[in-house]
Each structure stands twice: as C-alpha cells, then as structure tokens.
Amino acid sequence: MLTRWVYKEKISEDLLQTQFHDIHPVLAQLLFNRGIREKQQAEAFMSSQYETHVHEPFLFHDMEKAVLRVQQGIRNQEKIIAHGDYDADGVCGAAVLFEGLKTLGSNVSAYIPHREKEGYGVNTDTIHTLAQQGAKLIITADCGISNREEIALAKRLGMDVIVTDHHEEPLQLPSDACALINPNMKRETYPFKGLAGVGVAFKFVSALYARAAQMQGVGKTPRKDAYRDLLDLVAISTVTDMMPLLDENRIFVKEGLKVLRTLRRPGLRALAELTRMPKETMNATHIGFVIGPRLNAAGRLEHAWHAYQMLTTEDPNEAYEIAHKLEQVNEDRKLITNLITKEVEEQLGQVSDQQKVLFAFGKDWPLGVVGLVAGKVAQKYNRPVFILGKAQGNIVASGRSVPTVNIVKVLQESEGFYKKYGGHAAACGFTLKQEVDLEVWKMCIEKIFAKKLDTADAAHIIPIEHMIAMNDITSELWTLLEQLAPFGQANPEPVFAAHHVRVRQAYPVGKDQKHLKLIVEQNGVTKNAIAFGFGPFMHKLSYSQTINIAFRIEENIWNGRRDLQIKIIDIQL
C-alpha cells in the first residue's frame, strides 16, 4: 500500500516556555496536537474528572420540556417505548433509556428495529404497531431526527415523541416532536457536539435523575448518581461509534471502563469469558475490536434485539447462550465481509486516478455488511465509496467518505433522489426513490464530489505526532502516555517517527511468516520491534541498513516481565 507520512505542526518554543514549561516536551507536543494551548486546558485533559468536567444536561434547549413530559408519563403510568436502532449505539442507547426509566418507576418497554425489514430509524409500520399496543410516549435513541413524517403520524395517532439523537440535522426537522435533544442542531447551544447517540440518551437520563426528587411519592427515587452505573454502555457505544474521545466523551469512556471492568452485566461477563478479555485491564481497544463488533454483528446479519438482550438480561444462562450466538454471528460476519470485499474489488477492476468516487452494486449482498465493505474499500483507495444493494424492492446503500468531505452534505445537495437518508460526516445510509435512474444518480454524485475533491490521492495518510529518538523511549514517557488514555477518535494512540535507525536483526514470525520481528538501534540504544504484516518486506532489509520507521510504543508483558517495545506501522527505506 502506498503511504504518505504527514507530520503535525511543531509546538513553538514560546508555548513550551510559557504554558508547558513544567510538562515533558513530548507530552506537550501531543497535547498541542489535540488542540490544547493553555496549561489549564492541559490539566483538565489529563485529569478529566466527572464531577468538574461534565456539562449540565439542562443546557440542552428542549431538556426541561422533555423531562416534564416523562414525569407526566410516570405519574400516569403511560406506556413508554425506548426506541433504539440496529447498531451498537442504538442498542446501547435503548438500553440506557430502558434501564434509566425502569429504575425511576416508569412503564417502559424497548423496541429495536430490524435492519432489512424496517430500515434505519423510525418506521411508519412500527408507529402503527406501537399505537395499537397502547403506547403514549416514544423516546428515540440514536435516531429520529430525520423522521419528520413518521413523527407527524405518531402525533396524529395520539403519541408524543421525544427525539434523542446525534446525527446531522436534516433540511427539515420533525416539527411535531414533543422535544428534540440533539447537540448537532443549528439552534442548539449545548457546548459539546461530539456525543454519541448513547451519550445524548445518557444526558437525558441524568437530567431525569436530577429531577427525581420532584417525583417523591410517584414512581421510585433511586440514589442521585445511580445513572452513572450506565456508563459501561455509554463507553461501549462512544468507542464503537467512533466518536471523538475529547471533552465529555473522554470522561464517559474513562469512567465507563471502570464500570465495565466490574462486569456487572451477565452478558458482558459471558462475552469476556468467551473472548478471554482481561477483566482488570480492559480498555478502549477491547471495546473497539471485541465488544463493539459482536454487538454490531447481531444487527448486521440477524436482529439487533439479540445484542440488546445480552446487555440487559439478568439471567447468567441466557447471557452465556446469547454471547455464544453473537460470537458465531461475528465469525459469519467476518467471512461474508471478506467475500463481498473480494467481489467489490473484482467489480471495480483497475481503479484509475480519474475516478474520484467508487460505486459497487450487488443485489444479494447482506445490507448489514455493506457499510463495513465500503469502509475497507474507502481506506484502501482513499476515495469516497458507495456500496449499493436491494431490500424490500428498494435500492439502499451505505457510503463512506474521505476526511475532507462531509458525505451527509453531499446527500443534502442531491436530496431529491432519496426516500430517506442520514448519517455523519464520514458515513451515511440512504434509500433511493423507486423512480430514480441509478446512472443519473451516480453522475450527480460524481459531479458533487468533483467540486469538493481537488485530487484523488491514492496514498494512505499516516499522521505523525512527533519525531523522537530511541533514547526517548523510557518508562517515564510510557507513564505519561498512559495519562492520555483512553485512546480513540480525535485522541488517537500516538504515532511517532524515528529517522536513521539501523537494522540489527530482522526475521519473519507468525503463521505463514506474515510478520516481522526486529531489533533496531540508534546512537547505541537498541529496541525490540514488531511489524505486523511486514513479513514479505524481509527481503528488502539487510544488516546495518538505515531506515525510517513510523511506530507506536507499547508495553510487552512476558513471563511477568514488563518491557517497552516498538510496534512498527510503516517503514521507509
């Protein structure tokens, strides 16, 4: 894969001397890279205390209105529905609403839609079904902001809808909603825009708990901070939905990991046992690569209700059974994703520099995995990608963009083509109107992207946080790096570069010798290194050869001994 290293702007000597004079210079550079310019900001980032750095939930424009409506529902024991979505964020968001409302004494049930039968968000048939079941209040999680018509129908059928969502604001808001709680609306003054859907649901629940004292004698009055037990779910979704780990999200994940490590949920305890996750050291990486994919797999290939059940069941036997099922579904998901990615590659053929957008269509491809395929293809070619398929007689698609173009804005510029659409800056989903000519739509999309993309750069960008030497890699630096965790979107695990490093040893390891073990040296300091996937690179290296490396620093524990090693992610000869 062609790569290009992009170095972050270097912190000025003036800033180092005035604001960061008592901070390790490498750490100061990393904080600078995260937009931190003042000592007070640095201290807040490093400490990230829940009590002092979480925003007041009533800063949301409609929060008071939404809380009053739920209090009315609890007093009257109205049937309330926590309506989630079919991905990990929607599932965890529904679980947060359900458990929070249940603890407050409400008559609440959860509803998770089926990806292929109902599609994204709130469905018209679902509204009719819930009305027939006697629901009076629907509270959405991770959806609803684009469901103007469905929410209008709910109102006509005698149901109120409170929307908690985080997706991009559509051109027309659902004006019939009882309340709209979404940090990404233009009118919203809430200070942090980066909440996951579950984060918005959590803010709503925290507001309900703050007002629980007003409900004395009605429902239940739990301890005031009991809602913080839900932070394990918030952490899972925030990481899995790739939200920026800054501001509140950083605190939610940091505190949520503490709750997660208790494994108080039988389902997560069973999943940890099956996948051998280390309870005491579980971190954001385990969420992103173990828990999240298995929760998402349920909605991709079967029904996301299974993921919801695993998170909320109190029965250890049921928990183990569902966790085992999700493990198998995830294995199926990996196999199917790889097969479809191969088919997409064959369909695309030789991608030229002139192709600024890539399209692929397969009528039999499971819709639950096409987004994953789009992401893999977009990453490989560094271009926007749309993978299309068929469901219920309609053409549906998932799209992935490049960092410089907001893909939802692209859909807004071509809005006339879609029955419905939604998403984030980097990812979207939509259903085309049945009368739309596919080739006409593709030409329109190509024209829009042509205006927004100057060049089609096929190189994979590797952002370099800082240039360091081998003698900088010490236990002191490792301790400081740990303070930046948890790592994730907008707070990535740091990638460093070292130039003019000599190869002292290099040999292939692993199954089929796919990986490379090295000992590298610079100015008399040697370090152990591992380069996953670089086995075929072996023939390009020789003893004492000088190379440049891009790498992460990691702790390697073997037979009770702790050592720092380099995890190489790219090599320049």
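Points worth noting:
- Any hit, the stretch 178-194, residues being farther than 22 Å from G299 by Cβ, touching a residue at least 60 places away in the same chain (Cβ under 8 Å) and of a type in the set (S, T, Y): yes
- The number of residues in the stretch 475-502 that are more than 26 Å from the chain's Cα centre (by Cα), at pLDDT below 95 and over 15 Å from L30 (Cβ atoms) comes to 1.
- Qualifying residue in the stretch 13-29 (condition: closer than 30 Å to N382 by Cα, part of a helix (DSSP H, G or I), touching a Lys or Arg at 6+ places or on another chain (Cβ under 8 Å) and at pLDDT 95 or above): yes
- Residue satisfying condition, being more than 27 Å from E435 (Cβ to Cβ), surrounded by 18 or more Cβ atoms within 10 Å (Cβ to Cβ), among the hydrophobic types (A, V, I, L, M, F, W, C) and touching a residue at least 40 places away in the same chain (Cβ under 8 Å), within set V357, V344, V369, V377: V369
- Set side by side, the residues F20, F45 differ, and just one is touching a residue at least 24 places away in the same chain (Cβ under 8 Å) and surrounded by 17 or more Cβ atoms within 10 Å (Cβ to Cβ), which is F45.
- Top-ranked residue in the stretch 138-172 [being of a type in the set (G, A, S) and crowded, with 24+ Cβ neighbours inside 10 Å; ranked as nearest to the chain's Cα centre (by Cα)]: A141
- For the stretch 38-69, the set of residues classified as hydroxyl-bearing (S, T, Y) and out of contact with any Lys or Arg (no Cβ under 8 Å at 6 or more places or on another chain) consists of S47, T52, listed by residue number.
- Candidates A360, A378, A374 - the one that is in the same structural domain as M443 (by TED's automatic domain parsing) and in a strand (DSSP E or B): A360
- Test: residue in the stretch 62-81 that is β-branched (V, I, T), surrounded by 14 or more Cβ atoms within 10 Å (Cβ to Cβ) and not assigned by TED's automatic domain parsing to the domain that holds P113: no
- Residue within the stretch 498-518 that is under 18 Å from A469 (Cβ atoms), of a type in the set (S, T, N, Q) and either surrounded by 13 or more Cβ atoms within 10 Å (Cβ to Cβ) or without any contact (Cβ under 8 Å) to a residue 40 or more places away in the chain (or both) present: no
- Of the helices (runs of 4 or more DSSP H) lying entirely inside the stretch 257-334, those carrying at least 1 residues that are within 23 Å of K117 (Cβ to Cβ) and of a type outside the set (S, T, N, Q) are 292-301, 305-312.
The values are calculated or read from the model by the stated rules, or taken from the named source; none is laboratory data. If you're wondering where the values come from, they're calculated on a predicted model, not measured in any experiment. Neighbour counts run over all protein chains shown; Cβ positions are idealised from the backbone, glycine included.
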